[in-house]
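The values are calculated or read from the model by the stated rules, or taken from the named source; none is laboratory data. Since we're looking at a predicted model, the values are computed, not measured. Cβ placement follows ideal geometry from the backbone for every residue including glycine, while neighbour counts extend to all protein chains displayed.
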């Protein structure tokens, strides 16, 4: 049997044997029964990109780990969408971007959130204040109540983190 055929069998078996269990787990984790099926589907889609599926020994533990990441991404995306909706609601009607531009902005914000995931809170805040709000290092230092030197260190850490997350630097 070819490696691809074995891989397809593993994925099929995972889905057949654990899909219902995973949906129940996600109903509890996500707190919304309506999203559980979609989150389960996203979990299996994410698994399609994983190497060495044949080596999985604890299928449910593996699925739960992948599903946890999917739920975190879902929550992050929901928070971004809510913040974006609040921002749009505060804009004058004649300045609201088109639906297409709104979708692009939302997707870009989601990508930024993924890049900044795991970054220390102060470094993330300094990065966002500088890059999105255009504040100088001195203004950021004042806002965060730290030295300019600390802001420089935060910015270096943020840039290094983003480059690693984007695959531009080694781990």
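Residue pairs whose Cβ atoms lie under 6 Å apart, sitting 6 or more positions apart in sequence or on different chains, and linking a residue in the stretch 96-108 that is within 17 Å of residue 76 (Cβ to Cβ) to a partner that is modelled with pLDDT under 85, are 106/84. Of the listed requirements (1) under 22 Å from residue 75 (Cα atoms); (2) part of a helix (DSSP H, G or I), residue 130 misses just one: (1). The condition (being surrounded by fewer than 14 Cβ atoms within 10 Å (Cβ to Cβ) and either under 25 Å from the mean Cα position of the chain (by Cα) or within 30 Å of residue 12 (Cα to Cα) (or both)) is satisfied by just one residue among 96, 72, 105: 72. Cβ separations smaller than 8 Å between residues 6+ apart or across chains give the following pairs from the stretch 77-94 residues that are over 14 Å from residue 107 (Cβ atoms) to residues that are assigned to a helix (DSSP H, G or I): 88/102.
Among the numbered conditions (1) touching a residue at least 12 places away in the same chain (Cβ under 8 Å); (2) closer than 21 Å to residue 78 by Cα; (3) loosely packed, with under 13 Cβ neighbours inside 10 Å, the only one that residue 65 does not meet is (1). Here residue 123 passes the criteria (1) surrounded by 14 or more Cβ atoms within 10 Å (Cβ to Cβ); (2) within 30 Å of residue 4 (Cβ to Cβ) except the one numbered (2). Note on the stretch 109-127: residues that are assigned to a helix (DSSP H, G or I) and modelled with pLDDT of 85 or more amount to 7.
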